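The values are calculated or read from the model by the stated rules, or taken from the named source; none is laboratory data. In this text, all values refer to a predicted model and were calculated from it rather than measured experimentally. Because the Cβ atoms are built from the backbone with ideal geometry, glycine has one as well, and the counts that use them run over all protein chains shown.
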Amino acid sequence: MDDATPRERLLEAATELFAENGYDAVNVETLRKRAGVSNGSFFHLFAAKDDLAADLLVTCVADYQAAIIKALARCETAADGIAAMIRGHIRWVTNNPDKARFMLDDARAAWFAKATDRLNTHNKAFGAAIERWRAPLTAQGHLRDVPIGIFVAAVAGPVNMICRAWVSGRQLTSASPQRSEDELIALACHALVITQPKVRANRKTSR
C-alpha cells in the first residue's frame with residue numbers, strides 16, 4: 001500500500017494488529033509504527049484508539065454492505081436474490097476473516113457509540129437498496145409481504161450466527177460456513193419465497 005493514505009494505512013494496521021494481538025493489547029504507538037505514520041498524523045486523524053476502532057467498524061460494515069448490494073443487483077428472481085445475499089455474506093466473511101472478526105465478534109461499547117450515527121446512515125441506505133430489489137417481487141406475489149427488518153433478519157440472521165461462531169472459534173465444527181450455505185438458502189427461501197402454482201394449459205376434450 002505504498003500509495004495509500006495515512007488513514008488507509010492505519011485502518012490496515014488496526015485490522016492486522018487487532019486480529020493478531022487483540023484490541024486491548026495494541027496501543028497507539030504500535031499502530032502508528034505498523035502503519036508507518038507519525039504521531040502527529042495519527043492524532044490529526046483520530047483523537048484516540050477508540051476513534052480509529054470506530055472508523056474501522058464503519059469501514060467494515062460499508063464494505064460488507066457494498067458486496068451484498070452488488071451481488072443482489074444482478075438477481076431477478078426471489079430465490080436468486082436470497083441466495084446471492086447468503087452466498088455474498090459467507091464469501092465476504094471467508095475472504096475477510098480479520099475484518100469479519102472485528103465487525104461481528106469484537107465490537108464493543110467503547111467504540112460502537114462513536115460509530116452509531118454513521119452506522120445508522122449506512123444501514124438505512126442498505127435497507128433501501130434491498131427494498132428496491134424486493135418491492136417489485138413482493139408486489140408480484142413472489143415474496144412474502146413482511147417488514148424489511150423481518151426480511152433481513154430471516155435472510156441474514158442464521159448465516160450471521162454461523163459466521164460469527166466461525167470467526168470467533170466457537171463453532172461446533174471447523175468446517176467453513178460455505179459448507180452450510182445450501183441449507184441456509186433453502187431455509188430462507190422456504191420462509192420467504194411464495195411458490196407460484198403452475199398454470200395448466202387449456203386442453204379441449206373430445207366427446
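For segment 142-157, state whether one or more residues are touching a residue at least 40 places away in the same chain (Cβ under 8 Å), surrounded by fewer than 16 Cβ atoms within 10 Å (Cβ to Cβ) and closer than 19 Å to residue 71 by Cα.
Taking every residue of segment 142-157 in turn, none turns out to be touching a residue at least 40 places away in the same chain (Cβ under 8 Å), surrounded by fewer than 16 Cβ atoms within 10 Å (Cβ to Cβ) and closer than 19 Å to residue 71 by Cα.
Just wondering, is there one or more residues in segment 163-178 that are surrounded by fewer than 16 Cβ atoms within 10 Å (Cβ to Cβ), within 19 Å of residue 83 (Cβ to Cβ) and without any contact (Cβ under 8 Å) to a residue 24 or more places away in the chain?
So far as segment 163-178 goes, no, none of its residues is surrounded by fewer than 16 Cβ atoms within 10 Å (Cβ to Cβ), within 19 Å of residue 83 (Cβ to Cβ) and without any contact (Cβ under 8 Å) to a residue 24 or more places away in the chain.
With the checklist (1) modelled with pLDDT under 95; (2) over 20 Å from residue 22 (Cα atoms) in hand, flag the one item residue 103 doesn't pass.
The failed condition is (2).
Looking at the structure I just gave you, is residue 30 free of Cβ contacts under 8 Å to residues at least 12 places away in the same chain, hydroxyl-bearing (Ser, Thr, Tyr) and on the phi < 0 side of the Ramachandran plot?
no
For segment 138-158, check the following and say yes or no: at least one residue is touching a Cys at 6+ places or on another chain (Cβ under 8 Å), hydrophobic (A, V, I, L, M, F, W, C) and assigned to a helix (DSSP H, G or I).
No.
Scan segment 68-81 for residues that are farther than 15 Å from residue 140 by Cβ, in a helix (DSSP H, G or I) and not basic (Lys, Arg) and report the count.
Number satisfying all stated conditions: 4.
Out of 68, 90, which single residue is within 17 Å of residue 126 (Cβ to Cβ) and β-branched (Val, Ile, Thr)?
Going through 68, 90 in turn, just one is within 17 Å of residue 126 (Cβ to Cβ) and β-branched (Val, Ile, Thr): 68.
Tell me the residue from 86, 130 that is touching an Asp or Glu at 6+ places or on another chain (Cβ under 8 Å), outside any loop (DSSP other than H, G, I, E, B), of a type in the set (A, V, I, L, M) and under 24 Å from residue 158 (Cα atoms), please.
Result: 86 is the single residue among 86, 130 that is touching an Asp or Glu at 6+ places or on another chain (Cβ under 8 Å), outside any loop (DSSP other than H, G, I, E, B), of a type in the set (A, V, I, L, M) and under 24 Å from residue 158 (Cα atoms).
Would you point out the residue of segment 57-70, among those that are surrounded by 20 or more Cβ atoms within 10 Å (Cβ to Cβ) and of a type outside the set (Val, Ile, Thr), that is farthest from residue 102 (Cα to Cα)?
The residue in question is 64.
Give me the pairs, please: first residue somewhere in segment 73-86 and more than 21 Å from residue 180 (Cα to Cα) and in contact (Cβ under 8 Å) with a residue 60 or more places away in the chain, second residue anywhere and of a type outside the set (A, V, I, L, M, F, W, C) and part of a loop (DSSP other than H, G, I, E, B), beta-carbon distance under 9 Å, and either six or more positions apart or on two chains.
77/142
May I ask you to list the residues in segment 14-41 that are surrounded by fewer than 21 Cβ atoms within 10 Å (Cβ to Cβ), in a helix (DSSP H, G or I) and among the hydrophobic types (A, V, I, L, M, F, W, C)?
Scanning segment 14-41 gives 17, 19, 25, 28.
What's the number of the only condition in (1) of a type in the set (D, E, K, R); (2) farther than 30 Å from residue 180 by Cβ; (3) in a helix (DSSP H, G or I); (4) modelled with pLDDT under 95 that residue 7 fails to meet?
(4)
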